[in-house]
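S.K.: Take a look at this one; I'll ask things after.
The values are calculated or read from the model by the stated rules, or taken from the named source; none is laboratory data. Predicted model, so just to flag it, every value in this text is computed and none were measured. Neighbour counts run over all protein chains shown; Cβ positions are idealised from the backbone, glycine included.
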Amino acid sequence: MTDKKKHKHEDEATETKPAIESASINGDQTKPELDALKNQLAEAESKVSEYKDGWARSQAEFQNYKKRIERDNELTYASMKGDIVKKVLPVLDDLERALQNRLADDAWANGIELIARKLQNILESEGVKRIEAKGTAFDPNFHEAITHEPSDEAGSGYVIDVVQNGYMLGERVIRPALVRVAQ
């Protein structure tokens with residue numbers, strides 16, 4: 001055991017001798033060491049710059065990812081909202097058809113009218129608006145023509161009558177208006 005300890009101390013002594021000797025050597029040998037240290041510093045600074053640029057790029061990519069996810073979520077929400085509104089619109093159509101054929105002073109029909117108005121107000125508060133079609137030029141983005149008829153009232157390509165109202169949610173057409181178009 002003492003041999004191992006002795007060898008250990010001898011190793012330490014031999015390691016410190018070159019360090020002491022190198023420190024006492026003249027300036028000729030320190031110049032290459034100084035150049036080597038400068039090179040190491042330059043390499044370290046370039047790596048720091050490279051890592052910093054990578055970090056900044058990662059941060060920008062993450063911000064773009066967050067924005068893309070938020071935009072996708074908004075589009076999904078608007079799409080789901082549009083799907084629900086599409087399912088409600090036939091009920092509103094039925095109420096409006098029932099009101100067109102009602103008797104003059106029927107209390108029951110007045111109640112149905114209040115329900116239809118309430119439903120329309122709810123849809124309007126959610127951003128759903130009716131596409132005004134009668135008397136406007138036919139636009140395939142907003143209208144769906146079911147017939148082309150000769151007409152003295154309107155010029156060619158104008159909507160004569162609306163068979164079924166169309167609706168928009170924001171800037172998106174949920175359901176085009178079914179219309180009769182002048183020939």
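S.K.: Determine if segment 41-62 includes at least one residue that is hydroxyl-bearing (S, T, Y), within 24 Å of G170 (Cβ to Cβ) and either in the same structural domain as L119 (by TED's automatic domain parsing) or touching a residue at least 40 places away in the same chain (Cβ under 8 Å) (or both).
M.R.: For segment 41-62, residues hydroxyl-bearing (S, T, Y), within 24 Å of G170 (Cβ to Cβ) and either in the same structural domain as L119 (by TED's automatic domain parsing) or touching a residue at least 40 places away in the same chain (Cβ under 8 Å) (or both): absent.
S.K.: Looking only at segment 144-172, count how many residues are assigned to a strand (DSSP E or B) and either under 37 Å from the mean Cα position of the chain (by Cα) or not β-branched (V, I, T) (or both).
M.R.: Counting residues in segment 144-172 that are assigned to a strand (DSSP E or B) and either under 37 Å from the mean Cα position of the chain (by Cα) or not β-branched (V, I, T) (or both) gives 16.
S.K.: Picking from N121, N141, which residue would you name as being surrounded by fewer than 18 Cβ atoms within 10 Å (Cβ to Cβ) and either in a helix (DSSP H, G or I) or among the hydrophobic types (A, V, I, L, M, F, W, C) (or both)?
M.R.: N121
S.K.: Here is a follow-up. Examine segment 89-107 for a residue that is modelled with pLDDT of 90 or more, exposed (fewer than 15 other Cβ atoms within 10 Å of the Cβ), under 21 Å from Q164 (Cβ atoms) and not charged (D, E, K, R), and state whether such a residue exists.
M.R.: Yes, that holds for at least one residue.
S.K.: Of all residues in segment 55-113, count the ones that are touching a helix residue (DSSP H, G or I) at 6+ places or on another chain (Cβ under 9 Å) and assigned to a helix (DSSP H, G or I).
M.R.: Residues in segment 55-113 being touching a helix residue (DSSP H, G or I) at 6+ places or on another chain (Cβ under 9 Å) and assigned to a helix (DSSP H, G or I): 12 in total.
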